[in-house]
1. Being at pLDDT below 95 and either assigned to a loop (DSSP other than H, G, I, E, B) or polar (S, T, N, Q) (or both), is that true of even one residue in segment 18-30?
2. Only residues that are in a helix (DSSP H, G or I) and small (Gly, Ala, Ser): list them for segment 37-74, please.
3. Any idea which of (1) surrounded by fewer than 20 Cβ atoms within 10 Å (Cβ to Cβ); (2) closer than 18 Å to residue 26 by Cβ is the one residue 126 doesn't satisfy?
4. Which of (1) surrounded by 20 or more Cβ atoms within 10 Å (Cβ to Cβ); (2) out of contact with any Gly (no Cβ under 6 Å at 6 or more places or on another chain); (3) in contact (Cβ under 8 Å) with a residue 40 or more places away in the chain is the odd one out, the single condition residue 100 does not satisfy?
5. Are any residues in segment 33-50 touching a residue at least 40 places away in the same chain (Cβ under 8 Å) and surrounded by fewer than 16 Cβ atoms within 10 Å (Cβ to Cβ), and if so, which ones?
6. Quick one: residue 122 ticks every box in (1) within 30 Å of residue 21 (Cα to Cα); (2) assigned to a loop (DSSP other than H, G, I, E, B); (3) among the hydrophobic types (A, V, I, L, M, F, W, C) bar one, so which box is it?
7. Considering each residue of segment 56-75, count those that are surrounded by fewer than 13 Cβ atoms within 10 Å (Cβ to Cβ) and within 16 Å of residue 122 (Cα to Cα), and give that number.
8. Pairs, please: C-beta under 9 Å, at least 6 apart or cross-chain, first residue closer than 23 Å to residue 34 by Cβ and in segment 51-78, second hydroxyl-bearing (Ser, Thr, Tyr) and surrounded by 12 or more Cβ atoms within 10 Å (Cβ to Cβ)?
Amino acid sequence: MRPRGARSAAGSPAPHRHNHRMHAISVVLVALMALLHVYILVLEMFLWQRAPGRRFHGFDAELARATAPLAANQGLYNGFLAAGLVWGLIADDPTGQRAQVFFLSCIVVAGIYGAATANRRILFAQALPAAVTLATVLAAG
């Protein structure tokens, strides 16, 4: 394989297996998606009944208390998504890239389902960013 920026005998740029700039962008976006899901884990597992959690979802104290076990379960799942994305960042390819594609796809599907069944905001907060991140991961190769 030629070094980055090398030219073929005909003078055209040599083909690259990976687009290094797109790869860097995808790494940053995957890391941000992992951080977002850690934030959601904290919000749903630990802050649900406190002011930040209630404000975020617009719940009063009674509704927050009644839904806290469900929220904690959702938060745990968001933690698993974050862990999968981190695994995808640290694992060697092709495993790392495949893990990123799998977990980002899960987030897209969950976000679409959540938007359809719970709150349309989930589409823009989770599904759309995950879809954009997934596109960069795929484009990076």
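1. Within segment 18-30 (the criterion being at pLDDT below 95 and either assigned to a loop (DSSP other than H, G, I, E, B) or polar (S, T, N, Q) (or both)), the answer is yes, since at least one residue qualifies.
2. Just the residues of segment 37-74 that are in a helix (DSSP H, G or I), to begin with: 37-45, 51-57, 61-74.
Answer for segment 37-74, where residues must be in a helix (DSSP H, G or I) and small (Gly, Ala, Ser): 51, 53, 61, 64, 66, 68, 71, 72.
3. Unmet condition: (1).
4. Just one mismatch for residue 100, condition (2).
5. If the condition is that a residue be touching a residue at least 40 places away in the same chain (Cβ under 8 Å) and surrounded by fewer than 16 Cβ atoms within 10 Å (Cβ to Cβ), then 35 is the only one that fits.
6. (2)
7. Of the residues in segment 56-75, 1 are surrounded by fewer than 13 Cβ atoms within 10 Å (Cβ to Cβ) and within 16 Å of residue 122 (Cα to Cα).
8. Sorted first by the residue in segment 51-78, then by its partner, the pairs are 57/67; 78/39.
The values are calculated or read from the model by the stated rules, or taken from the named source; none is laboratory data. Fair warning: this is a prediction, and the values are worked out from it, not measured in the lab. Note that we place each Cβ from the backbone using ideal geometry, even for glycine, and neighbour counts take in every protein chain shown.
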